[in-house]
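Data block below; observations after.
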Amino acid sequence: MKRNSEVWAPPYGEKRSKLFHRPLIPMLVSFAGGILAVHKILPLGHGFILALFFSIVICLVAIPFLSPRIRIYSLILIFFLTGALLSQGNRHPSRLIPLANLYKSVIIEGTIIDPPKIIDGKIAKINLRAQELILKEDTVPIDEYIVVTVYNHTPRFKAGDKIRFPTRLRPFKNFNNPGNYNYEEAMRLKGLTCSASVSDGRRIVPMGSGYLPFPRDLIETIQKPVRDLFKKKLDARDFALFRALILGERQGIDPGLREPFNRTGLGHMLAVSGLHIGLVAWAAFFLFKWVLSRSYRLALEIDVRKMAAFLTAFPVIGYTLLTGFQVSSQRAMIMILAFLGSLILGREREVWSTLALAGLIILFLDPNALFSISFQLSFMAVIGILWLTPAILDKFHYTDNSQQEKISILNRLLAYFTGLVAVTASATIFLIPITCYYFHRISLVSIPANLTTVPILGMWIIPLGLLSAVALPFSSNVSSFFLNLGAWGLNKMMTIIEFWSHIPWSSIWTITPNLFETFLFYSFILGIFFFKRRRWAKIGVALIATLILSDVAYWVYQVRFNRDLEVAFLDVGQGNAALVAFPGGKKMIIDGGGFSRGSFDVGKMVVAPYLWHKKISEIDYMVLSHPQADHMNGLRFIAKIFRPKEFWYNGDEVETATFRELKTIIKTGKIRRLLPGDLRDGIEINGVRVNILHPDPDGQPLILEKDGKWLNNNSLVLKIAYRGKTFLFPGDLEKQGEEVLVSNAGERVKSDILLSPHHGSKTSSSREFLEMVQPGICIISSREGSSGNFPHQTVLDRLRHMGCRIIRISRSGAVEIIVGKDRFEIRTFLNEKGLSQSRSRDTGEARKEKQ
């Protein structure tokens, strides 16, 4: 009996000549390289498209005249050029983007594509196919996809409804910080042009039934009765989960329901992809094979395995349609059909070529798939399974007994679970860098959680859910019976998931690996794989281990022993957040940004990724200037995950759910709370002086009614000084608060770098305040196109009149200022007009200029 590893051996150890026996692999690599080249390096334009096209034609004409070996290289070049060409042709002009960049108010008419997503029962997210653009008296036909957010009085629309509404268009904007998620690119890959907002849903006018494009109209016809049955028969949680698992609709999955899946490494269950369609294919294949094998005559006349593979394609395609024919399920379907095709053609052992063929088909249909998270996860997981599973099974001395007729049930179960462990471990290990890069989290219970839940999902929940959908047109009672059985299994699975997720150490948050570290990880796996068989592998493993240790030593020094003061002003939209990295390793976070509406957590999605990018896993001091959403809401996640030792705030409290949650986290985490009275003498942290200037418990009090203006004007004001450079963080002080601050602090407010109070509002940055501070640099943290007109032109004029350099985070991205011995450097994430990417000045020159 052959070992499993002999069947699934990877191509890496074969001789070079055998590479050409699998030409699809280099062709896939070349095709992907062409897409990457256009995305990162090559120019855009019609002239370049023509050049690519004629280059491909010339290569095709020349191929018959080339030697076989050169012909292979020519084909690889053709695939590279084709990838570049298709990637170029995937960009389309838009009528809405120029208007969105100007934040124009327009009237849009279009058709709702998917069922709306309702957030907190108040806010609706609608994917809309915009078909008409109305500007004053002109009506322009368009065909673009946008995201519409309705904030109040949300109407109950459904997919296929046609609506008209006035709206303000907005471009998709990234939070421009190092290490942050590329939101603009993600929306572009989904085919979405821009976003639109409607403040009151009563302004939306229903226009009857709209036109859904094929196959979306067919899909909605299939999905709607199934969705209605699920909603009628199931409770809210089960309805949301069955919609996700059977219909591929995740609109009902809120953060609370998603969290147990994320903690246990089971988040992939909630998105219909390779796992779900693979389970359907696996169950259908063995069912068809068993049924066909019951007939002795049929088994003699046909190849049962090939016929079962052919029949399996139909439920795979059907399930993909039922789940909305979404991009991730389409890719999974293509991969499964490719493997079924290889089985039908008798090439099932050529798994690497089959995988390469599937990748080529996916990228040919959609070159942008290369940059999607779902494609990268699915493709890399399959590579990990094909490559590492045989090696793991060999360690267990596993032999493939699947072809033996007589084998005990116990041995079958043991073989099944051994294989499942190996597959789960292979995928989990191989995906570690990608998981850490995108999700910053590793589940430590992923393997046991998958072992105890995937069988229930694959052998109970999905089959019964599909049987319920298939039976619905014939009998609602039978359909409900299957659905109730499936819900019973779902509840058992959720009990298991909650058990694993409640283990305190079930998951850990991780720092973000860079490209070099990812390369080291996969190189190390490659070296270990060939360690006993190749001499170069032993040398390679030693070299890679040395590089890994050097990388660790470098980051330990940067994070814990750096001698400079680094102050980073982060891009959090309309809000404030800053990181102060003191010499010697201590860290302080000043405000955390946040939004007052919606479920988007700025702390989790914006501030924390920046910290992880900097390899920071702990915060020593957490400072809240005042308890308003755009300064406070992001601190909840920071307080929970980064375990600060001290929490500084001004003592003001508000009756909001987010503030109560923050107080609970601080109390549960036993974080020490300090008020201005506790910090009246200031503190020194490794040579850096930190003082609280306002509110002053011993100075002139603030006389105002306790409302929003009180919260702003009572903001905690910090001053940080190091090596002759000073920073002032005034929170949201307005004119009244500035007057009290100047009255109490006097000359002490004078600072080199000022964070503009209240995001550059016209009610702040009074002339008297600015003349007392005399800033050389003013950082303004606000959002472009904000309704409050931040920053106000009056403030900008005052600063320019003083000769102050203005850095607007909305245009420059995150701003990092480094102060050290003979060093003063400003770095911005994006280029801003009038500001270089990196500017250095000697502190001695700065003092001389000031004098």
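Structure values in brief
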read-out: Length added when fully stretched, Ser743-Ala545, from 0.36 nm per residue minus Cα-Cα; value: 65.3 nm
read-out: Cross-link table Lys125/Lys224; Lys162/Lys231; Lys122/Lys162; Lys587/Lys667; Lys670/Lys735, entries beyond 30 Å C-alpha to C-alpha; value: Lys670/Lys735
read-out: The stretch 699-818: translational diffusion in µm²/s, Stokes-Einstein, Kirkwood Rh over Cα pairs, 10 °C, 1.306 mPa s; value: 110 µm²/s
read-out: J(HN,Hα) series, the stretch 189-200, from Karplus relation 6.51 cos²θ - 1.76 cosθ + 1.60, nearest Hz, glycine and proline x; value: 5, 7, x, 8, 8, 7, 10, 9, 10, 10, 6, 9
read-out: Isotropically averaged projected area of the stretch 300-443, using the convex hull of Cα atoms (one quarter of hull area), nm²; value: 10.9 nm²
read-out: Ordering of 380-392, 185-197, 273-285 by burial proxy (mean other Cβ atoms within 10 Å per residue, highest first); value: 273-285, 380-392, 185-197
read-out: J(HN,Hα) series, the stretch 560-565, from Karplus relation 6.51 cos²θ - 1.76 cosθ + 1.60, nearest Hz, glycine and proline x; value: 10, 10, 5, 9, 9, 8
read-out: Relative packing of peptides 96-108, 454-466 - highest average C-beta neighbours within 10 Å first; value: 454-466, 96-108
read-out: Estimated FRET transfer efficiency when R0 is 22 angstrom, pair Leu60-Lys40 (beta carbons, to 0.05); value: 0.25
read-out: 20 Å cut-off, amide nitrogen to a point 7 angstrom out along Ser295 Cα→Cβ, residues in the stretch 314-344; value: 314-315, 344
read-out: FRET efficiency estimate (nearest 0.05) - Cβ-Cβ, Thr664 to Gln700, R0 30 angstrom; value: 0.30
read-out: Cross-link partners of Lys750 among lysines (Cα-Cα below 16 Å; sequence separation of 8 or more within a chain); value: Lys719, Lys725, Lys850
read-out: For the stretch 611-748, convex hull volume per residue from C-alpha positions, Å³; value: 122 Å³
read-out: Kirkwood-type radius of the stretch 192-287, with distances r between different C-alpha atoms, in Å; value: 16.4 Å
read-out: Scaled radius of gyration (Cα, divided by 2.2 N^0.38 Å) that the stretch 44-171 gives; value: 1.64
read-out: Accessible surface, the chain, averaged per residue in Å² (probe 1.4 Å); value: 48 Å²
read-out: Accessible area in the full protein assembly, largest first, 1.4 Å probe, for Asp235, Asp120, Asp200; value: Asp120, Asp235, Asp200
read-out: Extension gain (nm, one decimal) between Arg597 and Lys190, 0.36 nm per residue minus Cα-Cα; value: 144.1 nm
read-out: Glu259 paired with Asn182, simple spin-label distance in nm, labels 7 Å along Cα-to-beta-carbon; value: 3.2 nm
read-out: Cα-based Rg of the stretch 453-551 normalised by 2.2 N^0.38 Å, two decimals; value: 1.90
read-out: Computed [θ] at 222 nm, helices only, for the chain once each DSSP H run of length n ≥ 4 contributes -39500 (n - 2.57); value: -14500 deg cm²/dmol
read-out: Label-zone membership for the stretch 429-451, site Trp555, 7 angstrom Cα→C-beta point, backbone N under 18 Å; value: 429-444
read-out: Hits among aspartates and glutamates - C-alpha to C-alpha of Lys289 under 17 Å, sequence gap 8 or more where chains match; value: Glu301, Asp303, Glu348, Glu405
read-out: Rounded D (µm²/s) - the stretch 117-165, Kirkwood Rh over Cα pairs, Stokes-Einstein at 4 °C, 1.567 mPa s; value: 107 µm²/s
read-out: Placed amide H near Asp732: partners under 5 Å, 5+ positions off or other chain; value: Ser715, His758
read-out: Convex hull of the stretch 576-626 built on C-alpha atoms - directionally averaged projected area, nm²; value: 3.7 nm²
read-out: Dimensions (Å) - the stretch 394-516, Cα atoms, principal axes, largest first; value: 57, 39, 28
read-out: Val478 paired with Asp200, simple spin-label distance in nm, labels 7 Å along Cα-to-beta-carbon; value: 5.2 nm
read-out: The stretch 730-747 - phi-based ³J(HN,Hα) in whole Hz, Karplus 6.51/-1.76/1.60, Gly and Pro as x; value: x, x, 10, 3, 10, 4, 4, x, 4, 4, 5, 4, 5, 4, 7, 8, x, 5
read-out: Highest average packing first - 534-546, 352-364, Cβ atoms within 10 Å; value: 352-364, 534-546
read-out: Per-pair calculated FRET efficiency, R0 = 60 Å: Trp710 and Trp536 via Cβ, rounded to 0.05; value: 0.30
read-out: Pair Ser209, Ile503: separation of 7 Å Cα→Cβ label points (nm); value: 5.2 nm
read-out: Neighbour-limited loop hits for trypsin sites (Lys or Arg not before Pro), the stretch 567-629 (at most 15 other Cβ within 10 Å; DSSP other than H, G, I, E, B); value: Arg597
read-out: Potential lengthening between His801 and Ile496 on full extension [0.36 nm per residue; Cα-Cα distance subtracted]; value: 103.3 nm
read-out: Gyration tensor (Cα) of the stretch 516-584, equivalent ellipsoid semi-axes in angstrom; value: 39, 16, 5
read-out: Cα-based Kirkwood hydrodynamic radius, the chain, one decimal, Å; value: 30.5 Å
read-out: Carbon and sulfur %, accessible surface of the chain computed with the full protein complex present, 1.4 Å; value: 60 percent
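The values are calculated or read from the model by the stated rules, or taken from the named source; none is laboratory data. These figures come from a predicted structure and were not determined experimentally. Counting neighbours? That spans all protein chains shown, and the Cβs are built from the backbone with ideal geometry, glycine included. When the accessible area is computed, the model is the full protein with side chains, heavy atoms only, and any ligands, DNA or RNA have been set aside. Shrake-Rupley method; radii C 1.70, N 1.55, O 1.52, S 1.80 Å.
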